[in-house]
Amino acid sequence: MRTKYIFSVTVLWCFFIVFCWAESPNNKGIKAFSNENYAEAVDLFSTQVAKAPSVEGFYNLGNAHYKLKQYPEAIIAYLRALRLNPSFEDAAYNLQLTQQKIAPGHATLSNMPWENPLTLLLDCGSVQKWTSISFICLILAAICWNLFRILSHTIIQRVALLSTFVLVISFFITSLAAICQRYRYYHNSLAVITSDQAQTYASPILNSKKEMLLPAGSIVNLQDIDNKGWARVQTSDGSETWIHLAQLEQVRDKD
Amino acid sequence: MIHKFLSLLIGFCFAFYGLAQITFRVKAPTKSDINGQIRVQFELNGAEGSNFRQPALNDFDILAGPNISTANSVVIINNRTQTTSSTVYTYILAPKRNGTLQIGGASVHAQGKVYQTRPVSILISGKSSLNASTPTASSHSTHDIQNIGTHIGLKDIYFTAEVSKKKIYEQEPIMLTYRYHVREGVAVVNIMPTGKPEMKGFWTQEVELPRNLSPRAAHIGGKLYRVGTNLQYLIFPQQSGTLTIPALAFRTDVVQRNSSIDEIDAFFNGGNSVNVSVERSTPPVTLEVVPLPQPQPTNFSGGVGQLSISASLTTPVPKTNDVATLRVVVRGTGNLKLVKAPTVVFPKGFDAYAPKINDKVKITSSGVEGSMEFDYTFVPRNMGKFTIPSISLNYFDPQLKSYLTTSSKAITLDIKKGTKAYAPISSAKTEDLRAIEQSNHRFSTDGFLWIGSWKYWCLLACLLSLSVLGSRYAQKLLYRHLDSEGRKERNARKRAHQRLQQVEKLISSDRNSEFYDALSNAVAGYFAEKFKLEKAALTQQIIRERLAAHRIDTDIIDEALALLSEIDFGQFAPTSENIRQDLYQRSSHLLTLLNDSLR
């Protein structure tokens with residue numbers, strides 16, 4: 001009986017070890033990328049992010065698309081990585097690099113008309129980062145409050161009390177920042193033009209006045225979608241126009 | 001007085017004369033807009049007319065008329081009754097052209113005589129617009145409505161698909177117009193196609209039609225029709241051969257009146273008309289598309305029509321590392337939208353990028369015209385004089401039936417040294433892509449650090465609880481720190497142990513009195529600290545009472561008091577090392593026992 005038990009546990013452990021050692025799609029993708037099999041790397045990274053979305057997965061997928069000169073797809077992947085972690089510098093850099101490939105002097109993400117100093121400040125961290133900071137502020141505030149109650153020295157008490165007050169305020173501010181980032185994550189309205197030259201219109205009907213042509217890879221901000229497959233978008237120069245939904249891909253997945 | 005009477009009499013006479021006179025007059029406006037409708041009335045007063053002959057209306061389409069209305073008036077003067085009649089013949093006309101148009105004289109028979117109106121002229125001006133979009137229910141006059149049950153024949157309403165040309169070159173644009181024809185006397189509403197026209201082999205652009213226009217009148221097969229345009233497309237055949245534009249079905253509602261319903265009931269019950277749905281299809285249209293002559297030039301742009309090209313800088317002459325834009329404009333008529341971006345050969349040392357395209361093409365009923373602008377962005381890296389060579393455009397002119405080449409002028413640039421640094425991102429010959437990430441952390445929206453998730457709330461609750469507990473613990477620590485007497489009591493065992501260690505060192509030494517002093521200090525000092533008394537205030541009685549209060553066994557109390565007595569005696573009489581050792585061990589054992597019991 002005991003022998004059987006030991007045998008079962010050993011087999012289970014073996015399976016567990018083998019499972020851990022089995023190559024994940026991410027590792028295979030990295031291997032393919034290193035061997036310059038970029039098409040295979042795109043497939044592997046795509047599989048990976050479909051099963052388990054991650055910042056690194058989208059970022060690597062963007063790099064693989066970039067190597068294949070699939071710039072609109074690369075831009076979409078980088079934007080998805082930045083949606084998960086807005087402070088991911090490598091993804092922001094590579095995004096800018098890819099945008100330059102389409103047209104130099106292109107407005108960077110931070111210069112887009114829908115961005116403002118507040119959103120840029122919020123993008124210094126992801127939801128998780130802001131939450132971590134808020135927890136740290138809460139813990140420090142508790143420590144300072146206890147110090148205030150324990151210590152007898154007047155000046156140190158005052159410092160402790162002031163620190164408690166500041167840290168409590170910081171806790172609420174960083175929590176608010178995390179809430180804002182969470183909202184922006186769920187309401188991300190960015191989209192990327194996927195058609196070569198997407199025609200835009202003044203109204204959501206085909207025979208309305210035609211406006212600019214947007215090249216593939218242009219980033220737009222979705223304002224509204226009607227029930228006939230038209231989207232009102234804001235372009236990088238601030239103007240609003242209508243475009244057919246089939247000509248763009250939204251950064252936010254159908255989650 | 002007499003003068004006044006005579007004036008009145010003369011006035012009445014003129015009135016009678018007027019009433020008795022038969023007149024036949026025309027009423028028409030002197031000017032009108034070419035898109036407007038003109039009401040012309042021929043009014044016969046003083047008699048009933050017959051054999052009305054309409055005037056010459058060659059310059060007009062008759063939309064309605066003649067509508068005849070009669071009126072009678074009765075005048076009683078000095079007990080004499082005079083009845084007069086008037087008849088009005090009304091026409092609604094639409095002018096055919098601009099200019100001064102003539103309406104001839106009409107004639108009518110009244111009381112044995114023929115009366116004629118004089119011809120009139122109407123000045124027509126304005127810009128003719130295209131014909132109608134879908135007419136609405138209010139656009140028909142009530143006398144157009146058929147009675148319910150009236151058969152709606154194929155000739156009553158039908159649709160056509162017309163093309164501007166039937167034999168065309170590949171890529172040559174032609175206009176495809178879908179029109180409805182509704183016979184006068186049939187009222188229709190809501191004319192809509194049942195689907196989108198499928199035009200395989202064509203590239204199509206829908207033409208925006210102006211809104212709120214009236215249909216035009218037309219005589220077809222001896223009958224008057226209202227003709228309007230539903231849809232208009234500019235189509236470009238993409239392949240040669242015989243191409244067919246398939247039939248397109250339209251659905252419309254024919255309004256018919258139910259005369260059996262009383263007018264007043266109809267007024268209160270939403271009307272007395274019914275809509276009868278009718279579907280008709282256009283016939284298919286066959287086109288012969290001739291291929292463009294072969295061989296095609298190698299640099300053929302795909303343009304078919306009459307085109308020209310020009311190039312200019314839209315930004316000032318750049319300096320090194322400045323971003324500049326060269327705008328190449330292809331202008332004219334034809335398939336402008338399908339023209340490939342012209343090839344621009346930039347000088348060496350210029351970084352050039354894919355062009356941005358601005359569509360300035362207008363599609364109207366007369367075809368495609370306008371321009372396509374290709375903006376080429378470039379960045380010169382070196383100083384010096386450079387020339388952007390002339391840009392050529394090779395296109396096919398269907399009128400001349402040959403390929404033609406047009407070119408822009410060359411542009412010379414004198415690039416001076418600029419102030420901007422070499423742009424790091426776009427200038428690198430090798431790609432500056434940041435390295436791929438080796439790690440992979442699954443992103444989750446229900447983790448501990450995802451604000452709003454249940455895990456987040458649990459963690460927050462834990463932290464707050466820990467804070468509260470930590471605060472209480474800190475307070476407790478503070479009280480214990482401030483309670484010096486309590487501290488002494490808590491530390492009594494520790495101090496006693498330390499003192500016993502000092503005693504142990506003196507066991508084997510000859511310093512008998514020091515040994516007993518230290519031992520007394522350890523044991524008596526323990527009791528003094530535990531009972532928060534001064535050492536001098538300790539007596540055997542107090543020790544017994546305090547120990548009894550802590551429910552210490554009587555044996556242990558006796559042992560403690562006996563030990564204290566022996567320590568006191570030992571200070572005055574030297575003892576052996578063994579005795580000292582024994583005393584030390586008993587003291588240590590006693591203090592351990594008491595410490596456990598006196599917590």
- request: Specify the residue that is nearest to A:Tyr71 (Cα to Cα); the eligible residues are those in the stretch A:147-194 that are of a type in the set (Ser, Thr, Tyr) and under 28 Å from the mean Cα position of the chain (by Cα).
  value: A:Thr194
query: Would the stretch B:158-174 turn up any residue that is modelled with pLDDT under 80, crowded, with 17+ Cβ neighbours inside 10 Å and in a strand (DSSP E or B)?
result: no
field: Residue check for B:Val368: assigned to a strand (DSSP E or B) and over 30 Å from B:Thr177 (Cβ atoms)
entry: no
task: Mind listing just one residue for me: the one in the stretch B:371-399 that is part of a strand (DSSP E or B) and of a type in the set (A, V, I, L, M, F, W, C) and, of those, nearest to B:Leu413 (Cα to Cα)?
output: B:Phe386
- prompt: Only one residue in B:Asn491, B:Asn521 is closer than 20 Å to B:Leu598 by Cβ, open to solvent by 20 Å² or more (accessible area, probe 1.4 Å) and modelled with pLDDT of 85 or more. Which one?
  reply: B:Asn521
- line: Of the residues in the stretch A:214-237, those that are among the aliphatic types (A, V, I, L, M) and either surrounded by fewer than 20 Cβ atoms within 10 Å (Cβ to Cβ) or more than 10 Å from chain B (Cβ to nearest Cβ) (or both) come to A:Ile219, A:Val220, A:Leu222, A:Ile225, A:Ala231, A:Val233
- line: Those residues of the stretch A:198-210 which are crowded, with 19+ Cβ neighbours inside 10 Å and out of contact with any Lys or Arg (no Cβ under 8 Å at 6 or more places or on another chain) amount to A:Ala198, A:Lys210
task: Just name the residue that is surrounded by the fewest Cβ atoms within 10 Å (Cβ to Cβ) out of those in the stretch A:241-255 that are of a type outside the set (A, V, I, L, M) and farther than 21 Å from B:Lys362 by Cα.
output: A:Lys254
Complete set of residues in the stretch A:52-82 that are surrounded by fewer than 23 Cβ atoms within 10 Å (Cβ to Cβ), over 14 Å from B:His441 (Cβ atoms), within 11 Å of another protein chain (Cβ to nearest Cβ) and not hydroxyl-bearing (Ser, Thr, Tyr): A:Lys67, A:Lys69
task: Out of B:Lys31, B:Lys27, B:Lys4, report the one residue that is basic (Lys, Arg), within 52 Å of the chain's Cα centre (by Cα) and either at pLDDT below 70 or within 26 Å of B:His219 (Cα to Cα) (or both).
output: B:Lys31
query: Looking at the stretch B:281-336, what strands (runs of 3 or more DSSP E) fall wholly within it and have at least 2 residues that are closer than 25 Å to B:Lys167 by Cα and open to solvent by less than 10 Å² (accessible area, probe 1.4 Å)?
result: B:285-290, B:300-313
- prompt: Has the stretch B:339-349 got at least one residue that is assigned to a strand (DSSP E or B) and modelled with pLDDT of 85 or more?
  reply: no
message: Can you find a residue that is within 14 Å of chain A (Cβ to nearest Cβ), closer than 30 Å to B:Gly228 by Cα and either touching a helix residue (DSSP H, G or I) at 6+ places or on another chain (Cβ under 7 Å) or of a type outside the set (A, V, I, L, M, F, W, C) (or both) anywhere in the stretch B:343-356?
response: no
query: Residues of the stretch B:349-407 being closer than 21 Å to B:Pro291 by Cα and open to solvent by 30 Å² or more (accessible area, probe 1.4 Å), which ones?
result: B:Gln399, B:Leu400, B:Lys401, B:Ser402, B:Tyr403, B:Leu404, B:Thr405
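Which residues, counting only those in the stretch B:175-222, are part of a loop (DSSP other than H, G, I, E, B) and small (Gly, Ala, Ser)?
B:Gly185, B:Gly195, B:Gly201, B:Ser214, B:Gly221, B:Gly222
Please determine whether any residue of the stretch A:174-195 is within 12 Å of another protein chain (Cβ to nearest Cβ) and closer than 22 Å to B:Asp375 by Cβ.
There is no residue in the stretch A:174-195 that is within 12 Å of another protein chain (Cβ to nearest Cβ) and closer than 22 Å to B:Asp375 by Cβ.
The values are calculated or read from the model by the stated rules, or taken from the named source; none is laboratory data. Keep in mind that what you see is a predicted model, and the values were worked out from it rather than measured. Every residue, glycine among them, receives a Cβ derived from its backbone with ideal geometry; neighbour counts consider all protein chains shown. SASA here: full protein model, heavy atoms, side chains in, ligands and nucleic acids out. Shrake-Rupley method; radii C 1.70, N 1.55, O 1.52, S 1.80 Å.
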